[in-house]
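Undergrad: Below is a structure I'd like to ask you about.
The values are calculated or read from the model by the stated rules, or taken from the named source; none is laboratory data. Just so it is clear, the model here is predicted, and its values are computed rather than measured. Cβ coordinates were reconstructed from backbone atoms using ideal geometry, including for glycine residues, and neighbour counts include every protein chain displayed. To get the accessible areas, we keep the full protein, side chains included, count just its heavy atoms, and leave off ligands, DNA and RNA. Shrake-Rupley method; radii C 1.70, N 1.55, O 1.52, S 1.80 Å.
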Amino acid sequence: MEGQGGAADPQLQQFIEVESQKQRFQQLVHQMTEVCWEKCMDKPGPKLDSRTETCFVNCVERFIDTSQFILNRLEQTQRSRGSSSESMMD
């Protein structure tokens, strides 16, 4: 392990990142399912009627749109903070 300066194994870091992404995705799906189920499912039955199915489709699409908007906004905020702190260092 000489020469690595105590840095973690890159393969291990990549594995941890992939597993973290999987966990975040599973949490997002669980949250989306919970929100859309509460919003759209009036009375569970053997089949979804077209109104309920449309509600689920719209709910999932809006949930994804909202999540993507928030992620993009956070990335923009992070980039603007990074560029302002870099300019302060100049």
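Undergrad: What pairs come out if I take residues in the stretch 65-79 that are in contact (Cβ under 8 Å) with a residue 24 or more places away in the chain and pair them with residues that are open to solvent by less than 80 Å² (accessible area, probe 1.4 Å) whose C-beta lies under 7 Å away, six or more apart or interchain?
TA: So the pair list comes out as 67/28.
Undergrad: Determine, yes or no, whether residue 33 is open to solvent by less than 90 Å² (accessible area, probe 1.4 Å), at pLDDT 90 or above and under 16 Å from residue 66 (Cβ atoms). I'd like the intermediate steps shown before the answer.
TA: Numbers: open to solvent by less than 90 Å² (accessible area, probe 1.4 Å): yes; at pLDDT 90 or above: yes; under 16 Å from residue 66 (Cβ atoms): yes.
Against the criterion (open to solvent by less than 90 Å² (accessible area, probe 1.4 Å), at pLDDT 90 or above and under 16 Å from residue 66 (Cβ atoms)), residue 33 qualifies.
Undergrad: I want to confirm something. Restricting to the stretch 47-79 and keeping residues that are closer than 14 Å to residue 35 by Cα and charged (D, E, K, R), which single residue is least open to solvent (accessible area, probe 1.4 Å)?
TA: 61
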